[in-house]
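Engineer: Take a look at the following structure, please.
All of the numbers you see were taken from the coordinates with simple rules; none came from a lab. Here the structure is a predicted model, which is why all the values come from computation and not from measurement. In this analysis, Cβ positions are derived from the backbone assuming ideal geometry, glycine residues included, and neighbour counts consider all displayed protein chains.
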Amino acid sequence: MRSFTSVDLAFSWQEASRHLPRGWITVLSLYVDPAQSSTLSARLIFPNDDVLLEELLDFAESKARGKAGSGGFLGMFGRKGDSSPLLRAVRRWNDYDFADLQDHPVVQLLSDRTIGLAPPLSQIYRVEFEATPDCPGCGQVHLHQQHALRVRGQADPEPGLRGDAWQPDVAIAVTENHEIVISERLRRLWAEMAVHESPPFAPVEMSDDTQPLWQVSPQGTVGVMAPPTPLQVLDRCPTCGRPLTVALSMPSPDALRPNLQTIYEEEALLTLDDAPLPAGDLWVTDLQEGRVRELTETLLGFADYPDPFYVRPSRPFWLISQRLLRLLHEHAPGGWRCRPVNALAIAACLVVLWAAAACGNVGTGVKSGANTLTVINGVDGPICTLHVKRASSQTFWGRNRLEQGQRLAMGEAFVVDGLAAGHYDVDAFLCDDDTHPGYGRYDVPVGPDVAGAWTIGQ
Ligand SMILES: [Zn+2]
């Protein structure tokens, strides 16, 4: 395993001489990753133990604190009082070797290659807009695949905006809409290996038709536990508070300093729930990252242009078995990486600890008070499912607070006590109507002198 840090500068590499000491430019240029740099930001990648990384971070931070010019060689650079940050983001992550992953029954698969789809995308997908049932402010865009994927070949005259052409030596890649495409050779090996648990392979068309390609679909869905998986909500619907954009990201301890304008992140790993895995070798998680919901005004814009030129920028997390990892390791050189997911045994322990910290109990009458959240059924029908979660960036609702078979009748109250002070999100679902979207309330305050309360239906 090797550890790296990527540093995103707040300017392009062409502009570097205006912000960095001249002597550094030559040396630092060896660290620039052009593929991940843009006209707005240059990305530099360092091994974690590189002294130049420490120097660059020290320099950038002293400048951000407005101390430029306060002494030393580097201090001569930058205008006095200029406190605009030099860094956008600093992220630490690991590159795992095959040996690091061999003890993991499941690993996360990441692709380094994005293959462009041949336009127009309306030949592949049908677009559907789904308003959030109880919120006028937001909804979801769904792309339904109804024809074979058609990917760009090398003969395509125009470069794709969101992906490259398929190269003949590639074994596995991901399309711009996050479908997995594999070569004929890999499909054959995969089918031989899996025998009875072979996934559905669907033919993929290529504009220059030089070789058969296949789309492989996941063989089941695996639940992600968040927490402890750090799925952060970056923005929410202003009307209902549901997440619009979600990211798998873990703030580093550096990020806790006040007045920080740079994002500091550590590598974030998925933690799966302890349900048995579905049969097969390739799965998808129940939670995604990226743009998971859209504001209604944006949806209306798409409704005017129903052609799916717009590909949903939310990504599933792909999980693969140790068996498939081995196959890729032996037969699919390059273009993909894997990361461990947190061990299931550890995850199970965390669930117990986490659940024990905020257990619900059945209220006999309303026992509200310090650090409690009282939920009263104010609708004409029994409630069988009740979720409570911190109104933080987490999207995970956790287990049902009501016992199996427990029905909260109209007018009955349920008290969740022992909560930490803060704000909580609550939702509730009827026992006898599966089609009803349920009820929810966001940001209910709870504290030593605030008895949180929510009447379902209000
Ligand atoms: Zn909404």
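Engineer: What percent does the relative contact order of the chain come to when contacts are Cα pairs within less than 8 Å and at least six residues apart? Working shown, then result.
Structural biologist: Numbers: 990 pairs, mean separation 64.6, N = 458.
Value for the chain: 14 percent.
Engineer: To continue, here is another question. Lys/Arg Cβ at +1, Asp/Glu Cβ at -1, dipole of the chain taken about the Cα centre: which of 20, 426, 195 is farthest positive-ward?
Structural biologist: 20
Engineer: Sticking with this structure for a sec: Please give the peptides 305-311, 214-220 ranked by average Cβ packing (other Cβ atoms within 10 Å per residue), highest first, as a rough proxy for protection.
Structural biologist: On the way: 305-311: 15.1, 214-220: 18.1.
Order by mean packing, descending: 214-220, 305-311.
Engineer: Rounded if a/c is under 1.5, else prolate if a/b is larger than b/c, else oblate: which is the chain, with a ≥ b ≥ c the root eigenvalues of its Cα gyration tensor? List each step's numbers first, then the result.
Structural biologist: Details: a/c = 1.76, a/b = 1.20, b/c = 1.47.
Oblate shape, in that a/c is at least 1.5 and b/c is the bigger or equal ratio.
Engineer: Using Cα-Cα distances under 8 Å and only pairs 6 or more residues apart, what relative contact order does the stretch 152-310 have, in percent? All intermediate terms of the calculation are to be shown ahead of the outcome.
Structural biologist: Working: 238 pairs, mean separation 32.2, N = 159.
Worked out over the stretch 152-310, it gives 20 percent.
Engineer: Separate question: Which of the peptides 233-241, 408-416 is most tightly packed, and how do the rest follow, going by the mean number of other Cβ atoms within 10 Å of each residue?
Structural biologist: Listed from highest to lowest mean packing, they are 408-416, 233-241.
Engineer: On to the next question. Pop the C-beta distance of residue 275 and residue 162 into the FRET formula with R0 = 35 Å and round what comes out to the nearest 0.05. Please list the in-between numbers first.
Structural biologist: Working: r = 34 Å, r/R0 = 0.98.
The computed FRET efficiency comes out at 0.55.
Engineer: Charges only on Cβ, +1 for Lys and Arg, -1 for Asp and Glu: so what's the dipole of the chain about the Cα centre, in debye to the nearest 20? Before the final figure, lay out the partial values.
Structural biologist: Working: 38 positive and 56 negative charges, 216 e Å.
Rounded to the nearest 20 debye, it is 1040 debye.
Engineer: Let me have the 222 nm mean residue ellipticity of the chain computed from DSSP H runs of 4+ only, each contributing -39500 (n - 2.57), with the sum over all residues rounded to the nearest 500.
Structural biologist: Numbers: 8 runs with 73 residues, N = 458.
Computed mean residue ellipticity for the chain: -4500 deg cm²/dmol.
Engineer: Please give the contour-minus-distance gain from residue 286 to residue 188: 0.36 nm per residue of separation, less the Cα-Cα distance, rounded to one decimal in nm. Provide the component values of the computation, followed by the final result.
Structural biologist: Details: separation 98, 0.36 × 98 = 35.28 nm, distance 2.83 nm.
Result for the pair: 32.4 nm of gain on full extension.
Engineer: Another one. Identify the trypsin sites (Lys or Arg not before Pro) of the stretch 133-223 meeting these criteria: DSSP loop state and at most 16 other C-beta atoms within 10 Å of the C-beta. Intermediate values should be presented prior to the final figure.
Structural biologist: Working: sites: 150, 152, 162, 185, 187, 188; in loops: 152, 162.
Passing both the DSSP loop test and the Cβ count: 162.
Engineer: Another question, then. Please check which bits of the stretch 435-458 a label hung off residue 423 would reach, taking the label as a point 7 Å along Cα-to-C-beta and the cut-off as backbone N under 20 Å.
Structural biologist: Label zone hits: 439-458.
Engineer: How much net charge surrounds residue 115 when only other residues with a Cβ under 14 Å from its Cβ are counted (Lys, Arg +1; Asp, Glu -1)? Present the calculation step by step, with values, prior to reporting the outcome.
Structural biologist: Details: positive: 113, 150, 152, 162; negative: 112, 156, 164, 169, 176, 179, 205, 208.
Counting the neighbours of residue 115, the net charge comes to -4.
Engineer: Give me the one-decimal nm value for the distance between modelled label points at residue 330 and residue 130, 7 Å along each residue's Cα-to-Cβ direction.
Structural biologist: Here the answer is 4.0 nm between the modelled labels.
Engineer: Follow-up. What shape does the stretch 96-147 take by its C-alpha gyration tensor, where a ≥ b ≥ c are the square roots of the eigenvalues and a/c under 1.5 counts as rounded, a/b above b/c as prolate, and the rest as oblate?
Structural biologist: Details: a/c = 3.71, a/b = 1.69, b/c = 2.19.
Taking the square roots of the gyration eigenvalues as a ≥ b ≥ c, the stretch 96-147 is oblate.
Engineer: Still on this model: Using only the Cα atoms of the stretch 81-227, build the gyration tensor, take square roots of its eigenvalues as a ≥ b ≥ c, and label the shape rounded, prolate or oblate: rounded if a/c is under 1.5, else prolate if a/b is larger than b/c, else oblate. Let's see the in-between values first.
Structural biologist: Values: a/c = 1.32, a/b = 1.16, b/c = 1.14.
Rounded is the answer for the stretch 81-227, as its axis ratio a/c remains below 1.5.
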